[in-house]
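Visitor: Take this structure, written in structure tokens, and hold onto it; I'll ask about it next.
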Amino acid sequence: MTDGDHAPGRPAAPDDLGRTAARAIASLESYLERGRAARGPIVRLAPRSQLLEGLDFGRWIQRGGMTDAELGHFLDRYLDAGTLLQHPGFMAHQVSVPHPASAVADLVNGMTNNGMAIYEMGPAAVAAETAVVRWMLARVGWQAGDGTLTHGGSLANLTALLAARARVAPDAWNDGVPQDLVVLAPPSCHYSVGRSVAILGLGARAHVPLPVDARGVVIPSQLPDTLRRVRDSGRRVVAVVANACATTTGLYDPIEDIAAFCRDQDLWLHVDGAHGASALVSPRLRSRLAGIEHADSLVWDAHKMLRTSVLCAAVLVREPSALQRAFQQDPTYFRPTGDAEFPNLYDRTVECTKNGLGLKLFLVLAASGEAALAHHVEMLYARCERFHAIVAARPRFECPYTPQSNILCFRYAGSDVLQEEIRQRLLAEGDFYLSSSQIGSRRFLRVVLMNEATDEAAWLRLLDRIEALASPARTD
Ligand SMILES: *Cc1c(COP(=O)(O)O)cnc(C)c1O
């Protein structure tokens, strides 16, 4: 990593990369092996101050000069202090166990820095983005639509709602935001939706909750009533938001019915499919999003179920000009946009410089193929159904719903506090990492099955362990 040639600002020699990367790969290989062999802990959760000291960040920042051998030593300890997603007991969050092809794309992006705000900064990266966005649009049924990749679903939601605002209030960009705008979204929507409403200048109170059932799923038959109340109070709707699927429960809102209502009332329908839009890849599962072709915008994270590394999210729109209308600004230092063969992507994203996100998804598709990705999503969904059957059959366990994706909430008999205690104890033991969530007023344990290695044997061990931890007769 350090030698005379590697002066600041001087390009690395080709063999610098090879040597340094080889050392990093050696560390990563033992990390992956630890995951494969299920050698925990999944995460140690040392306090930050301990990590700051233990990993010597301050000393390295001050001194520099890390050699390849020291890099390897540092990375071994860094990886040891991180969270091991490859461990079969990791069931906590919606990030993929990344495909190696995506990590290779990260390395290529990292070494090339083809930022591609404008076409000439990265023509190949723009082409890769175009190819995967077109592939995603075709899965939705929007061949004539448009889309862009963004750094995450949260930014994608903001972008989609900005496009929706531009349709209802096209002058808001220049004149400021009218006070009568609202967004109708289920209370179960991801927090980034509410945050977007506030960032867009509507005021957080402009998030009007859609009527939902006890599981947090939108009840379409009550939409007319909600809309009437909003309109009677003199307010205008920017967008109706539906979950596909909801972050907490993994349940899909009935898009077909919501879309019919929105078309009838001329309302923008935004579908937040950050997690669950990947079902569109599977002919068997795409009915979860039946009616999606009638929506106006869709957010779809590839880094959740399409096996890319973080981040790789798409915001897709049915109407081709909707994204460009959202950003009404043309910086004079860029060449004017509008040339289809030399497109500048900055005119449809919050970002200026952007990572080569398209290459990540492209290389995963190229390596595994669309059918294998469909199979991956189907496998995760099928396993969750099976997991549900096993949990529901055990006495003292309760599942509040039948899963529709790879996310399931459940509870062990006892208080809300007990659920969190169980979670914390599992985490401290290091063999299982679950999340927990609130549905209505009650707390649940939550699993997200992202890992092919999380098989039936792993769940049985998990449930046995929960029973042992929760049992009042436990001896420890
Ligand atoms: C994960 C998620 C998001 C946020 O996506 P990030 O890529 O983490 O920013 C938004 N909406 C839903 C429904 C999600 O599940």
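Visitor: Taking the residues in the stretch 289-311 that are within 10 Å of the ligand (Cβ to nearest atom) and not in a strand (DSSP E or B) as candidates, determine which candidate is nearest to Tyr381 (Cα to Cα).
Guide: Lys304
Visitor: Considering every residue within the stretch 334-350, establish whether at least one is closer than 20 Å to Leu155 by Cβ and either in a strand (DSSP E or B) or within 16 Å of the ligand (Cβ to nearest atom) (or both).
Guide: Yes; the residues of the stretch 334-350 include at least one that is closer than 20 Å to Leu155 by Cβ and either in a strand (DSSP E or B) or within 16 Å of the ligand (Cβ to nearest atom) (or both).
Visitor: Conditions first: (1) more than 20 Å from Asp213 (Cα to Cα); (2) buried (at least 18 other Cβ atoms within 10 Å of the Cβ). Asp455 passes all but one, so which condition is the exception?
Guide: Status for Asp455: all satisfied but (2).
Visitor: Would you say Ser437 is part of a strand (DSSP E or B) and modelled with pLDDT of 95 or more?
Guide: yes
Visitor: Sort out which residues of the stretch 179-208 are charged (D, E, K, R) and within 16 Å of the ligand (Cβ to nearest atom), and write them in order of number.
Guide: Once the filter is applied, which keeps residues that are charged (D, E, K, R) and within 16 Å of the ligand (Cβ to nearest atom), the stretch 179-208 yields only Arg195.
Visitor: Next question, about the same structure. For Val417, all conditions in the list (1) part of a strand (DSSP E or B); (2) out of contact with any Lys or Arg (no Cβ under 6 Å at 6 or more places or on another chain); (3) not hydroxyl-bearing (Ser, Thr, Tyr) hold save one; what is the number of the exception?
Guide: Failed condition: (1).
So that you can scan it fast, the table gives a plain yes or no per residue for (1) away from the ligand (no atom under 11 Å from the Cβ); (2) at pLDDT 95 or above; (3) β-branched (Val, Ile, Thr); (4) not in a loop (DSSP other than H, G, I, E, B):
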position	(1), (2), (3), (4)
Asp253	no, yes, no, no
Glu256	yes, yes, no, yes
Val271	no, yes, yes, yes
Arg284	yes, yes, no, no
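Each row is one residue, and each column tells you yes or no for (1) within 16 Å of the ligand (Cβ to nearest atom); (2) touching a residue at least 40 places away in the same chain (Cβ under 8 Å); (3) closer than 17 Å to Thr159 by Cα; (4) hydrophobic (A, V, I, L, M, F, W, C).
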position: Ser287; (1), (2), (3), (4): no, no, no, no
position: Ala313; (1), (2), (3), (4): yes, yes, yes, yes
position: Gln328; (1), (2), (3), (4): no, yes, yes, no
position: Lys360; (1), (2), (3), (4): yes, yes, no, no
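Visitor: Which residues, taken from the stretch 377-436, are among the charged types (D, E, K, R) and over 26 Å from the mean Cα position of the chain (by Cα)?
Guide: Arg394, Arg396, Glu398, Asp416, Glu421, Arg425, Glu429
Visitor: Which is within 16 Å of the ligand (Cβ to nearest atom), among the hydroxyl-bearing types (Ser, Thr, Tyr) and at pLDDT 95 or above, of Thr226, Thr249?
Guide: Of Thr226, Thr249, the one residue that is within 16 Å of the ligand (Cβ to nearest atom), among the hydroxyl-bearing types (Ser, Thr, Tyr) and at pLDDT 95 or above is Thr249.
Visitor: Continuing with the same structure: Filter the stretch 246-283 down to the residues that are under 22 Å from the mean Cα position of the chain (by Cα), over 17 Å from Thr226 (Cα atoms) and among the charged types (D, E, K, R) and list them by number.
Guide: Listed by number, the list holds a single entry, Asp272.
Visitor: Give the stretch 129-163 a look and list any residue that's within 16 Å of the ligand (Cβ to nearest atom), more than 21 Å from Leu357 (Cα to Cα) and touching a His at 6+ places or on another chain (Cβ under 9 Å), or say none.
Guide: Passing the criteria: only Leu161.
Visitor: Additional query: Which of the residues belonging to the stretch 289-305 are in contact with a Phe, Trp or Tyr (Cβ under 6 Å, 6 or more places away or on another chain) and among the hydroxyl-bearing types (Ser, Thr, Tyr)?
Guide: none
Visitor: Continuing with the same structure: Answer yes or no: is there a residue in the stretch 296-316 that is more than 30 Å from Ser435 (Cβ to Cβ) and surrounded by fewer than 23 Cβ atoms within 10 Å (Cβ to Cβ).
Guide: For the stretch 296-316, residues more than 30 Å from Ser435 (Cβ to Cβ) and surrounded by fewer than 23 Cβ atoms within 10 Å (Cβ to Cβ): absent.
Visitor: Related question: Is there any pair with a first residue in the stretch 82-108 that is of a type in the set (Val, Ile, Thr) and a second that is modelled with pLDDT of 95 or more and surrounded by fewer than 16 Cβ atoms within 10 Å (Cβ to Cβ) whose Cβ atoms are under 6 Å apart and which are 6 or more apart or on different chains, and what are they?
Guide: That search, which allows pairs on different chains as well, returns nothing.
Visitor: Next question. Write out, first by first residue and then by second, each pair whose Cβ atoms fall under 7 Å of each other, whose residues are 6+ apart or on separate chains, and whose first residue, in the stretch 189-218, is more than 25 Å from Ser441 (Cα to Cα) while the second is of a type in the set (Val, Ile, Thr) and within 15 Å of the ligand (Cβ to nearest atom).
Guide: Leu202/Val183
Visitor: What are the residues in the stretch 258-268 that are in contact with a helix residue (DSSP H, G or I) (Cβ under 7 Å, 6 or more places away or on another chain), away from the ligand (no atom under 16 Å from the Cβ) and either assigned to a helix (DSSP H, G or I) or free of Cβ contacts under 8 Å to residues at least 60 places away in the same chain (or both), if any?
Guide: Matches in the stretch 258-268: Ala259, Phe261, Arg263, Gln265.
The values are calculated or read from the model by the stated rules, or taken from the named source; none is laboratory data. Treat the numbers as computed from the prediction; the structure is a model and nothing was measured. Cβ sites come from the backbone with ideal geometry, for glycine too, and all protein chains shown count toward neighbours.
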